[in-house]
Structure formats: C-alpha cells, structure tokens
Amino acid sequence: QVQLVESGGDLVQPGGSLRLSCRASRTTVNILIMGWYRQAPGKQREAVAVITNDARTNYADSVKGRFTISRDNAANTMYLQMNSLKPEDTAVYYCNQVQRSGSYWGQGTQVTVSS
C-alpha cells in the first residue's frame, strides 16, 4: 500500500504563492489518476486539480489560471503550484492517488491565506 506525504503548506499573504508537494512512498505503475483536494472548516472536501496517467489535467473553476498541477514520475512526486492566492483558498490540502487497487490519501497540509 502506498503512503502519500504532503508538504509545503504555510501562512501566506493574499496575492502570494505556494508550492505543495505530495511524495509517494514507492513507485506505482497502475496509477489511474492523481489529484489535489481541499477542505475548509465547515465545508465538504472538494477537488482542486487532477492529472491523469497520460498527463491530462482538469481544474476547479475557482483555481483555473492560478493553480498548476504537475507530476515528476521519476521522483514519485506530484506538485501543486498556487499563485495569486486568495483568503478563500484557505484549507487543508490533501493529495489523492487512485489505483486499480483503491484510492489513497495523504494526511493533509494546511494552507492559510491571510494578511
């Protein structure tokens, strides 16, 4: 079973940038899709960005043009570059990996956007 570890969350001012990383504990050849999700206090977890095995991407409307998802297969790592951050981006960000064997989640990393 793969372990996913997120990092990069921090407190940042509005308009700032952060880069989140999600490192997998081992190489997996049957990944179907990977993605970033977030959950703000009192709200349901929502999809932010996903990337397929053939590198197709999709973004939530609220982050289009500001966030970029990418992956480095050699490093078993997925990234989320977040620019022009807004207070409404404040949430715990989780990475997810869907394989044929199941769906796996990291423990989350806190992103707080505040002046």
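The values are calculated or read from the model by the stated rules, or taken from the named source; none is laboratory data. Source: prediction; values computed, not measured. With ideal geometry, Cβ positions are generated from the backbone for all residues, glycine too; neighbour counts draw on all protein chains shown. Remember, those area values only see protein heavy atoms, side chains included, never the ligands or the DNA or RNA. Shrake-Rupley method; radii C 1.70, N 1.55, O 1.52, S 1.80 Å.
Key figures for this structure:
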| quantity | calculated |
| --- | --- |
| Shape of region 47-115, Cα gyration tensor, a/c cut at 1.5 | prolate |
| Inter-site label distance for TRP105 and THR28 at 7 Å from Cα along Cβ, in nm | 1.4 nm |
| Highest to lowest packing among 83-90, 39-46, 52-59, scored as the average C-beta count within 10 Å | 83-90, 52-59, 39-46 |
| Accessible area (Å², per residue) of region 1-114, counting only protein heavy atoms and a probe of 1.4 Å | 53 Å² |
| Size of electric dipole in the chain: Cβ of Lys, Arg +1 and of Asp, Glu -1, about Cα centre, debye, nearest 20 | 160 debye |
| Listed residues SER70, GLN107, PRO87: farthest to the positive end of the dipole of region 62-108 (Cβ charges) | SER70 |
| Carbon/sulfur fraction of accessible area - the chain, other protein chains in place, 1.4 Å, % | 46 percent |
| Extended-chain gain in nm, criterion 0.36 nm per residue less alpha-carbon gap, THR57 and VAL2 | 17.6 nm |
| The chain - share of DSSP beta bridges that are antiparallel (%, nearest 5) | 95 percent |
